[in-house]
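Notes for the one structure printed next.
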Amino acid sequence: MKAQKFLTLISVLTFSLIVLPVLAVEVEGIDDNNHAALTQYYENVAKETEAKLQKNKAALEEYETHPYYYGRQGQEFKSHTAANIREYEEVLTESLNSADLHKKITMDLDNSAIKKARVDLDPSTSAIR
């Protein structure tokens, strides 16, 4: 019983550490205009979430294979694990979408900087003759 309460507490803490930073608009320690760093951050969150998602899927599969190992708490374990899986899938989707968005913004900024540099180097547009 103590072990299950401990696991529940750990699950709640882990979930809050993953979901709360993703739901926040600002990422602490990263400038809002540093889209390359934000892309890396969201990709890291996605990797961590994917690992936890796979771990929960494996636990659910183990339960479904051997439900008699879990006794009375089996149904509670199953529903809790299924809820974690749903949440991790949502966080994973949001993280990947955010990473893609910031990656596109980074590429657009890089392309506009290259175009601006080409325009500045074009001798036909210079004011000096």
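We did not get these values from a lab; they are worked out from the coordinates using the rules stated. Quantities reported herein were computed from a predicted structural model and do not represent experimental measurements. Neighbour counts are summed over all protein chains in view; Cβ atoms, including those assigned to glycine, are modelled from backbone coordinates with ideal geometry.
The residues LYS78, LYS52, when put in order of fewest to most other Cβ atoms within 10 Å, stand as LYS78, LYS52.
The gain in end-to-end length when the ILE30 to LYS55 segment is fully stretched comes to 6.1 nm, 0.36 nm per residue minus the alpha carbon separation. Candidate cross-link partners of LYS55 among the aspartates and glutamates, defined by an alpha-carbon separation under 13 Å and a same-chain spacing of 8 or more, comprise GLU89.
Counted residue by residue at 0.36 nm each, then reduced by the alpha carbon distance between them, the extension gain from ASP100 to LYS47 reaches 17.7 nm. The residues TYR42, TYR70, when put in order of fewest to most other Cβ atoms within 10 Å, stand as TYR70, TYR42.
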